[in-house]
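*Asks:* Could you have a look at this structure, given as structure tokens, before my questions?
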Amino acid sequence: MMKEQVIIQAISITRRSQQNFFQVKLPRDTKRIIGIETGLLIQDSPPYAFSPLQAGSGLIERNNLMGVLQLKANGRPDIFYAKEIFERDLNIGAGELKVFPYDPPNERRLGLRRIFVPPDGNSFDFFPSCTHGTKREEDPLNICGCTVINGYFKDSIGELLGYDVSYKVMLYIWIERQMKSNDNEPGT
């Protein structure tokens with residue numbers, strides 16, 4: 001019987017150009033790694049470091065590269081996973097068709113409705129996450145016979161900005177475990 005599980009590893013960055021070497025031990029009964037997912041949590045940075053794109057500017061802006069993640073299975077010669085971690089997609093609404101739903105004015109409702117509409121006419125908060133590329137899914141993998149992962153993360157944003165930015169990169173390792181038949185019985 002197989003069981004899926006996620007192993008979570010937080011990688012803390014506090015100094016510019018910091019290199020972080022880490023190791024993740026997987027359970028002994030891990031059959032294979034089935035996917036990797038990443039996340040980002042900015043903890044401390046000057047307020048001017050990350051500014052959103054001005055609405056309606058029509059410009060495409062470069063996304064902030066936070067750093068590069070690499071993973072290698074212990075005892076194997078090659079890197080099996082590498083990813084550039086970005087702060088967020090600053091161009092998520094660029095080139096979007098602006099939608100203005102028809103809502104005939106009603107004097108009774110006018111006094112009650114105080115909705116902020118951004119200058120470009122759209123707020124992307126009401127779109128489902130899957131329509132604008134923000135739905136989180138793991139990158140599928142099939143790495144068998146691995147119980148230790150060696151990882152490396154190098155900060156890029158601190159080097160680019162010239163000062164320290166504190167943040168955490170979250171690493172989610174999805175595994176498939178070989179469960180013994182008596183592991184599912186109640187009371188064990």
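*Asks:* Looking only at segment 1-17, which residues are among the small types (Gly, Ala, Ser) and surrounded by 13 or more Cβ atoms within 10 Å (Cβ to Cβ)?
*Replies:* Ser12, Ser17
*Asks:* If you go through segment 18-47, how many residues are part of a strand (DSSP E or B) and loosely packed, with under 11 Cβ neighbours inside 10 Å?
*Replies:* Looking only at that region, the number is 3.
*Asks:* Turning to a different aspect of this structure: For segment 56-98, how many residues are of a type in the set (Asp, Glu), in a loop (DSSP other than H, G, I, E, B) and modelled with pLDDT of 85 or more?
*Replies:* 1
*Asks:* Follow-up question, since we're still on this one. Please determine, by comparing only the residues of segment 137-164 that are part of a loop (DSSP other than H, G, I, E, B) and in contact with a Phe, Trp or Tyr (Cβ under 9 Å, 6 or more places away or on another chain), which one is modelled with the lowest pLDDT.
*Replies:* Glu138
*Asks:* Another question, then. Determine which member of the set Gln43, Gln23 is closer than 16 Å to Gly67 by Cα and among the polar types (S, T, N, Q).
*Replies:* Working: Gln23 fails: closer than 16 Å to Gly67 by Cα.
Going through Gln43, Gln23 in turn, the sole match is Gln43.
The values are calculated or read from the model by the stated rules, or taken from the named source; none is laboratory data. The shown structure was predicted, so the numbers you read here are calculated from the model rather than taken from an experiment. Don't worry about glycine lacking a Cβ; one is built from the backbone with ideal geometry, like all the others, and counts go over all protein chains shown.
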